[in-house]
Amino acid sequence: MTTPNPATAALRDSTPIALGYFTVSLAFGLYCARLDVPTALAGLISFTNLSSSGQFAGLTIIGAGGSHLELAIGVALVNLRYVLMAISLGQRLGPQVGTAQRLLLAAGITDEIYALGMGRRQVGFADYAASMVLPIIGWTSGTIVGAAAGEVLPAPLVSACGVLLYAMFVAIVVPAAVGSRQVLVVALGAAGLSSLLASIGGLDVGWRIIIVTIVISAAAATWLPTRRADLDSGVVPS
Amino acid sequence: MSLWSAILLMAGVTYLLRALPMVALRRRITNPWLLDFLHYVPYAVLTAMTVPAMILATESPISGLVALGVAVLVALRRGSLLLVALCAAGAVLATEALINLI
């Protein structure tokens, strides 16, 4: 064999994602410890969700004593972009990949694993499945380590660790806002409306996130349209 | 709401979002308004979750505000995810130590 097996190559290429997931999920594990979620359950949440902002929004709503409806809508909205990626990936796989295989691959649709798959010339069942394994292990184990550490760390350190995930969100939004005037307006608008609603009070945190997201995204889509290539066109994401 | 039912609900909702379009919806989305809406959602959501919660996540709103400022500055200088997070946490530790001194 002169060319490497696509599954082996996908497994190798997913290593940096797995390492990145491990460090980010440490912060999620610490957040779980702050809310007194048992370590094993924190690991279970990460294993079954594989979504940092979705899990974080979910835990925030649970911690605030929100309702099931609030939790379902909040998590669905935060993870809405996966719908687009799932449609896109589904089309790239082609008809030879059956329903059972698609149901398995669906569990591995995240921003990074999806982007890795779209970067390959051809996407099949074996290579996409292979690219899921290490990131899932990294994401789950990092959460467990973080949750266990959160139970033994001294209070000032836990207070400092409380900003880790938020800081990571800042690190995602700021570079995008620098590169796009529309994203900058969206971020400033969301920060303003969120602060305004929080200062008025009387609204559960989950509903506040849901309202801000829908209002700001809809307003931006209406008045600040982009001319970007759509996700379905098979263009390799940069 | 029990923790177990919440965990099942989160897992179910997240999985359905990924699985249903893979098996049921094979038509591509072309509506530009919907594409833009979906494009903006992550940034609106992440910002709404961060502001003002980050400022209120620490023992004093001052240290939270300093952490937010430091995170934005390091992110502007293209710091990695990990570097931004560590600088923000360090800013909290330093600010709270300073507050306790005064």
Mind listing just one residue for me: the one in region A:54-64 that is touching a residue at least 60 places away in the same chain (Cβ under 8 Å) and at the interface with another protein chain (Cβ under 9 Å from one of its Cβ atoms) and, of those, nearest to A:Ile214 (Cα to Cα)? A:Ala57
In region A:127-152, what residues are outside any helix (DSSP H, G or I) and surrounded by 17 or more Cβ atoms within 10 Å (Cβ to Cβ)? none
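Yes or no, residue by residue, for (1) under 23 Å from A:Leu165 (Cβ atoms); (2) within 13 Å of another protein chain (Cβ to nearest Cβ); (3) in a helix (DSSP H, G or I):
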position	(1), (2), (3)
A:Pro4	no, no, no
A:Arg12	no, no, yes
A:Leu26	yes, yes, yes
A:Gly29	yes, no, yes
A:Cys32	yes, yes, yes
A:Ala40	yes, yes, yes
A:Leu44	yes, yes, yes
Residues being more than 7 Å from chain B (Cβ to nearest Cβ), surrounded by fewer than 19 Cβ atoms within 10 Å (Cβ to Cβ) and closer than 15 Å to A:Arg120 by Cα: count how many of those fall in region A:85-104. 2
Please tell me if A:Ser195 is at the interface with chain B (Cβ under 7 Å from one of its Cβ atoms), over 22 Å from the mean Cα position of the chain (by Cα) and modelled with pLDDT of 95 or more. yes
Return the total of residues in region A:39-52 being in contact (Cβ under 8 Å) with a residue 40 or more places away in the chain, under 26 Å from B:Leu17 (Cβ atoms) and either over 14 Å from the mean Cα position of the chain (by Cα) or not assigned by TED's automatic domain parsing to the domain that holds A:Ala130 (or both). 3
Within region A:21-37, which residues are surrounded by fewer than 22 Cβ atoms within 10 Å (Cβ to Cβ) and either among the hydroxyl-bearing types (Ser, Thr, Tyr) or without any contact (Cβ under 8 Å) to a residue 40 or more places away in the chain (or both)? A:Thr23, A:Leu35, A:Asp36
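Would you point out which residue out of A:Thr23, A:Thr8, A:Thr110, A:Thr15 is of a type in the set (Ser, Thr, Tyr) and more than 20 Å from the chain's Cα centre (by Cα)?
Residue meeting the stated conditions: A:Thr8.
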Could you list, in sequence order, all residues of region A:158-176 that are within 7 Å of chain B (Cβ to nearest Cβ), more than 14 Å from B:Ala91 (Cα to Cα) and modelled with pLDDT under 85? A:Met168, A:Phe169, A:Ile172
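Residue-wise test of (1) closer than 25 Å to A:Glu70 by Cα; (2) at pLDDT below 95; (3) within 7 Å of chain A (Cβ to nearest Cβ).
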site: B:Met10; (1), (2), (3): yes, no, yes
site: B:Val13; (1), (2), (3): yes, no, yes
site: B:Ala57; (1), (2), (3): yes, yes, yes
site: B:Val70; (1), (2), (3): no, no, no
site: B:Leu93; (1), (2), (3): no, yes, yes
site: B:Asn100; (1), (2), (3): no, yes, no
Quick one: A:Ser88 ticks every box in (1) modelled with pLDDT under 90; (2) assigned to a loop (DSSP other than H, G, I, E, B); (3) not hydrophobic (A, V, I, L, M, F, W, C) except a single one, so which number is it? (2)
Tally, over region A:201-224, of residues that are at pLDDT below 85 and either more than 15 Å from A:Asn79 (Cα to Cα) or in a loop (DSSP other than H, G, I, E, B) (or both): 5
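The values are calculated or read from the model by the stated rules, or taken from the named source; none is laboratory data. Computed from a prediction, not measured in an experiment: that's the story for all the values here. Note that we place each Cβ from the backbone using ideal geometry, even for glycine, and neighbour counts take in every protein chain shown.
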